[in-house]
Amino acid sequence: MLVDSHCHLNYEGLVEDQPAVLARARAAGVDTMLNISTREREWDAVVSVAERESDVWASVGIHPHEADEHVHVGTARLVRAAQHPRVIGIGETGLDYYYDHSDRAQQQRGFRAHIAAARETGLPLIVHTRDAEEDTAAILRDEMEQGAFTGVIHCFTASDAFADIALDLGFYISISGIVTFKNAKALQETARRLPLEKLLIETDSPFLAPVPHRGKPCEPAFVADTARFLANLRGEDLETLAAATSRNFFALFGKARPVAA
């Protein structure tokens, strides 16, 4: 069985036909999905899916793109929202300097507030970083010195060096369908050498559909295609990779429980 460790079931492209999306995921062997929030106004809807579907879990967080619109969302508000029994992670949060949709200083303040919430709740941090490796690494290192926390670098596309920093900090690394793209040679080299015990897989659906689904809205069922590609890339059996990444998910997101067979 497989886990999609990061999807957006309430986004356009999936939400219109959510029951069918979930049915296709289950038919593809995906028995656990983590539905990620990126804005405060999404929290209730994201959590409600997790309340309704036993194989779906939820996160609470503010994407760095939305940092300017969420200056009121600090650690305390995140901690309160994370008390819900179906909320298992804090994020996604982090830094995105590629688009700069929000002020960089505000992105950094929001990132630190999420880290504090992860530390206080004991829930893992779900980190987005794009064109911001140096500052992301500096903040993670600085905050780790103030008190330990766990987390995952989601949809990893960063450098080999940043992968080593994340691993040294005890983070997991999640690989998306980008690894199947023809122009993703550097990512493929990194993915080939990542330790299996720190590896997760995701779709980030409805974005980034893997080969052979390019041009279509991505959905959790497609995590099976990424898993097959990744297993072949690493020279592992698909069953070995699937079992390990599922085991890793529940080790990191300790509040979640597998659905009973």
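Every number here is computed from the coordinates shown, using simple stated rules; none is lab data. The structure presented is a predicted model; accordingly, all values stated were derived computationally and were not measured. Cβ sites come from the backbone with ideal geometry, for glycine too, and all protein chains shown count toward neighbours.
For this structure, a couple of remarks:
- Percent antiparallel among DSSP beta bridges (both partners in the chain, rounded to 5): 0 percent
- Couplings for the range 144-154, taken from phi via the Karplus curve 6.51 cos²θ - 1.76 cosθ + 1.60 with θ = phi - 60°, read 5, 5, 8, x, 5, 8, 10, x, 9, 8, 8 Hz in order; Gly and Pro are left as x.
- If you take the Cα centroid of the range 141-170 and the Cα centroid of the range 24-42, the two points sit 23 Å apart.
- Net +/- balance of residues flanking Asp17 in space, Cβ distance below 12 Å, scoring K and R +1, D and E -1: -2
- The helix-only estimate of mean residue ellipticity at 222 nm for the chain, built from DSSP H runs of length n ≥ 4 each weighted as -39500 (n - 2.57), is -12000 deg cm²/dmol after division by the residue total.
- Contour minus Cα-Cα distance for Arg104 and Glu145 (0.36 nm per residue): 12.5 nm
- Each of Asn232 and Phe181 was given a label point 7 Å from its Cα along the Cα-to-Cβ line. The distance between the two points is 1.9 nm.
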